[in-house]
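Enquirer: This structure is in structure tokens; I'll ask about it shortly.
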Amino acid sequence: MGDSLSTDTYTPKQRSIYRKRLEDELEVFDRHLQDAEFISRGTIGLELELNLVGDDMMPARRNQEVLAQLSDDYQSEIGSYNVELNLPPLSLEGDGLRQLERNLAARLQTVKDAAGKAGTQVAMIGTLPTVTPEFLEDPAWITNEYRYRGLNNSIMESRGELVRIDLGRVESIWHDFEDIATESTCTSMQLHLQVAPNRFAGAWNASQAIAGVQAALGANSPLFLGRRVWHESRIPVFKQSIDTRTKELINQGVRPRVWFGERWITSVFDLFEENVRYFSPLIPEGRVEAGKPVMLGDSPGLHYLNLHNGTVWRWNRPIYDPNGELSHIRVENRLLPAGPTVKDITADAAFYYGMVKFLGDQTRPVWSRLSFEQAEKNFEAGARDGLTARMKWPTLGTVEVADLVISHLLPQARKGLASLGVDEDAIEEYMGIIEGRASRRQNGATWQLAALNEAGAGTRPGTPERMEALVRVLRQYLRNQQEGAPVHTWPLEVA
């Protein structure tokens, strides 16, 4: 959904034409995969979504004012209080991870400077704890662009009912919304990994296998609408926010558009074929109306297939990119939240790339011994319980995720990074951050929950006292974020 649209509503004729073009392009993609040469340099990339807040720590609807000062490397998001930054592709070899950290820190500072001129601050966090139902029920929550209004309209028309958020753990939230506003609360980072088509299946399967561990280690969204819920509440909130299914369709087994998947794959084509087979087009924007060419050099543009792919929100999404001298394929790892710090983000990226490399090179890969259903259960456990989650892993049985990371996965991630040619001192620094997080059982989620206990012990959701405590927690979170030390070292004092 990164492309601009020409309208926010579509006719039945447009939808029928789009479906035919989509099916045709799937066949073109199949032939292109079999016959064409692809880029296979193994580069990485990163996108990061950010929140804007005022001095009162409430979300600030000023993304257009901030973006007016920035280049095309910075983009809008669906929420009028969100912006996104993008890093250029780079190689992991040598000091690539340190370069990633430096580039991210520089671009984040650029956004902060622009936000300051617009009278706001930047909050790099999975979900703003100070967002309220009243804020999301104000129509001004959405960025005023066709692509966002069109997405909202299409989802609500497909669903035909209110959006219900039903979520609980320590506390619970049950609330109906008239649009997909809650989707805007789910700010994430996306890690990109470019791979040759014949290596894509291994990279995607590895990404799926470790998704639960990633969610547990990186959890940073434990407070949704001021309630203590899942440690990474973005996962269920995002799924419920843009679910096009009624109860009856859910009971019939219709697949959700926010999807973990249902099987290990043998080719990238498997995923695109599933997307076309199982999901109706949401945004039937024609190629001519979108201003997209049929070909980009020797590569088919595949406007219809790519636009449709952008409206099926897999946690590990396949990307076909026709831009450049040759087209390329990449995995977009979408499940991690923003924050807490630049060093934490870089460490999460290092762990992901190291694990995918190690697991993908195994002659007897983990997905040959771990059922896909169990991988999905691990993912849900990691999102729900964070660093306290228990997961099943081949040869180990059921183990606490922190112990799994320390004793089993960290050595593998280190080996994967070493085989990618990453500098040894960088491997030790970033894997040391992951080890510290696991051994201390402190990530962004556990810190926020502990900080709320300190700032507002005994407060009830929805009360002025709870909101005052949430403001104090977020203000301290931003102080710690500015200092830049990894989250596992943060003290629990709240000023």
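The values are calculated or read from the model by the stated rules, or taken from the named source; none is laboratory data. Predicted model only: the values in this text are computed from it and were never measured. Glycine also receives a Cβ, built like all others from the backbone with ideal geometry; neighbour counts cover every protein chain displayed.
Enquirer: Return a yes/no flag: does segment 404-423 have any residue that is within 18 Å of H231 (Cβ to Cβ) and in contact with a strand residue (DSSP E or B) (Cβ under 8 Å, 6 or more places away or on another chain).
Expert: Within segment 404-423, one or more residues are within 18 Å of H231 (Cβ to Cβ) and in contact with a strand residue (DSSP E or B) (Cβ under 8 Å, 6 or more places away or on another chain).
Enquirer: For segment 247-256, name all the residues that are farther than 20 Å from G382 by Cβ and touching a helix residue (DSSP H, G or I) at 6+ places or on another chain (Cβ under 7 Å).
Expert: R255
Enquirer: Contact list please: Cβ distance under 8 Å, first residue in segment 289-310 and farther than 18 Å from Y148 by Cα and without any contact (Cβ under 8 Å) to a residue 60 or more places away in the chain, second residue surrounded by 22 or more Cβ atoms within 10 Å (Cβ to Cβ) and small (G, A, S), pairs at least six apart or on different chains.
Expert: Short answer, once both residue conditions are applied: L296/S327.
Enquirer: Quick check on my filter: what residues within segment 240-259 are assigned to a helix (DSSP H, G or I) and surrounded by fewer than 18 Cβ atoms within 10 Å (Cβ to Cβ)?
Expert: Listed by number, the residues that qualify are K247, E248, L249, I250, N251.
Enquirer: Hey, can you tell me all the residues within segment 316-330 that are in a strand (DSSP E or B) and more than 23 Å from S233 (Cα to Cα)?
Expert: P318, I319, Y320, D321, H328, I329, R330, listed by residue number.
Enquirer: Regarding S327, is this residue surrounded by fewer than 22 Cβ atoms within 10 Å (Cβ to Cβ), in contact (Cβ under 8 Å) with a residue 24 or more places away in the chain and among the polar types (S, T, N, Q)? Outline the logic, then answer.
Expert: On the way: surrounded by fewer than 22 Cβ atoms within 10 Å (Cβ to Cβ): no; in contact (Cβ under 8 Å) with a residue 24 or more places away in the chain: yes; among the polar types (S, T, N, Q): yes.
When the stated conditions are applied, S327 does not pass them.
Enquirer: I'd like to check something: does segment 114-124 contain any residue that is among the basic types (K, R), touching a strand residue (DSSP E or B) at 6+ places or on another chain (Cβ under 6 Å) and free of Cβ contacts under 8 Å to residues at least 60 places away in the same chain?
Expert: No, because not a single residue in segment 114-124 is among the basic types (K, R), touching a strand residue (DSSP E or B) at 6+ places or on another chain (Cβ under 6 Å) and free of Cβ contacts under 8 Å to residues at least 60 places away in the same chain.
Enquirer: Given the criterion more than 25 Å from E274 (Cα to Cα) and surrounded by fewer than 16 Cβ atoms within 10 Å (Cβ to Cβ), identify the matching residue among E27, E93, E23, E84. It would help to see each step written out before you state the result.
Expert: Details: E27 fails: more than 25 Å from E274 (Cα to Cα); E23 fails: more than 25 Å from E274 (Cα to Cα); E84 fails: surrounded by fewer than 16 Cβ atoms within 10 Å (Cβ to Cβ).
That would be E93, the only listed residue that is more than 25 Å from E274 (Cα to Cα) and surrounded by fewer than 16 Cβ atoms within 10 Å (Cβ to Cβ).
Enquirer: Here's a check for you: in segment 305-347, which residue that is under 24 Å from A219 (Cβ atoms) and among the charged types (D, E, K, R) is farthest from the chain's Cα centre (by Cα)?
Expert: By that ranking, first place goes to K343.
Enquirer: OK, next. Within segment 86-100, is there a residue that is under 29 Å from V471 (Cβ atoms), in contact (Cβ under 8 Å) with a residue 12 or more places away in the chain and touching a strand residue (DSSP E or B) at 6+ places or on another chain (Cβ under 8 Å)?
Expert: No, that holds for no residue.
Enquirer: Are there strands (runs of 3 or more DSSP E) fully within segment 24-122 with at least 1 residues that are out of contact with any Leu (no Cβ under 9 Å at 6 or more places or on another chain)? List them.
Expert: The strands (runs of 3 or more DSSP E) meeting that bar are 44-53, 82-90.
Enquirer: If you don't mind, there's one more thing I want to ask. Counting just the residues of segment 263-301 that are assigned to a helix (DSSP H, G or I) and in contact with a helix residue (DSSP H, G or I) (Cβ under 7 Å, 6 or more places away or on another chain), which one comes out nearest to R199 (Cα to Cα)?
Expert: V268
Enquirer: To continue, here is another question. Within segment 418-439, identify whether any single residue is surrounded by 21 or more Cβ atoms within 10 Å (Cβ to Cβ), in a loop (DSSP other than H, G, I, E, B) and on the phi < 0 side of the Ramachandran plot, and answer yes or no.
Expert: Looking for residues that are surrounded by 21 or more Cβ atoms within 10 Å (Cβ to Cβ), in a loop (DSSP other than H, G, I, E, B) and on the phi < 0 side of the Ramachandran plot, one finds at least one in segment 418-439, hence yes.
Enquirer: Something else about it: Pick from A445, A450: which is in contact with an Asp or Glu (Cβ under 9 Å, 6 or more places away or on another chain) and touching a residue at least 24 places away in the same chain (Cβ under 8 Å)?
Expert: Numbers: A450 fails: in contact with an Asp or Glu (Cβ under 9 Å, 6 or more places away or on another chain).
The unique qualifying residue is A445.
Enquirer: Among residues belonging to segment 30-55 that are in contact (Cβ under 8 Å) with a residue 12 or more places away in the chain and loosely packed, with under 13 Cβ neighbours inside 10 Å, point out the one that is farthest from H303 (Cα to Cα).
Expert: If we take residues in segment 30-55 being in contact (Cβ under 8 Å) with a residue 12 or more places away in the chain and loosely packed, with under 13 Cβ neighbours inside 10 Å, then D55 is farthest from H303 (Cα to Cα).
Enquirer: Within segment 441-467, can you find the residues that are under 25 Å from the mean Cα position of the chain (by Cα) and surrounded by fewer than 19 Cβ atoms within 10 Å (Cβ to Cβ)?
Expert: Matches in segment 441-467: R441, L449, A450.
Enquirer: Next question. If a residue must be surrounded by fewer than 14 Cβ atoms within 10 Å (Cβ to Cβ) and either farther than 30 Å from M467 by Cα or hydroxyl-bearing (S, T, Y) (or both), how many such residues does segment 56-80 contain? Break it down into steps so the answer makes sense when it comes.
Expert: Of the residues in segment 56-80, the ones surrounded by fewer than 14 Cβ atoms within 10 Å (Cβ to Cβ) are 56, 68, 71-73.
From what's left, either farther than 30 Å from M467 by Cα or hydroxyl-bearing (S, T, Y) (or both): 68, 71-73.
Result for segment 56-80: 4.
Enquirer: How many residues are among the small types (G, A, S) and assigned to a strand (DSSP E or B) if we restrict to segment 386-402?
Expert: So the count comes out to 1.
Enquirer: If you don't mind, another one. Restricting to segment 455-493, what's the tally of residues that are part of a loop (DSSP other than H, G, I, E, B), among the charged types (D, E, K, R) and more than 22 Å from L225 (Cα to Cα)?
Expert: Residues flagged as part of a loop (DSSP other than H, G, I, E, B), among the charged types (D, E, K, R) and more than 22 Å from L225 (Cα to Cα) within segment 455-493 amount to 1.
Enquirer: While we're here: Here's a check for you: in segment 338-385, which residue that is among the basic types (K, R) and not in a helix (DSSP H, G or I) is farthest from G96 (Cα to Cα)?
Expert: Of everything passing the filter in segment 338-385, R369 is farthest from G96 (Cα to Cα).
Enquirer: Only one of E493, E400 is out of contact with any Asp or Glu (no Cβ under 7 Å at 6 or more places or on another chain), surrounded by fewer than 22 Cβ atoms within 10 Å (Cβ to Cβ) and modelled with pLDDT of 95 or more; which?
Expert: Working: E493 fails: modelled with pLDDT of 95 or more.
Of the residues listed, the single one that is out of contact with any Asp or Glu (no Cβ under 7 Å at 6 or more places or on another chain), surrounded by fewer than 22 Cβ atoms within 10 Å (Cβ to Cβ) and modelled with pLDDT of 95 or more is E400.
Enquirer: Right, something else. From the list R330, R287, pick out the single residue that is out of contact with any Phe, Trp or Tyr (no Cβ under 6 Å at 6 or more places or on another chain), basic (K, R), modelled with pLDDT under 95 and on the phi < 0 side of the Ramachandran plot.
Expert: So the residue among R330, R287 that is out of contact with any Phe, Trp or Tyr (no Cβ under 6 Å at 6 or more places or on another chain), basic (K, R), modelled with pLDDT under 95 and on the phi < 0 side of the Ramachandran plot is R287.
Enquirer: Checking L335 against (1) crowded, with 22+ Cβ neighbours inside 10 Å; (2) hydrophobic (A, V, I, L, M, F, W, C); (3) assigned to a loop (DSSP other than H, G, I, E, B): exactly one of these is not met. Which one?
Expert: Single failed check for L335: (3).
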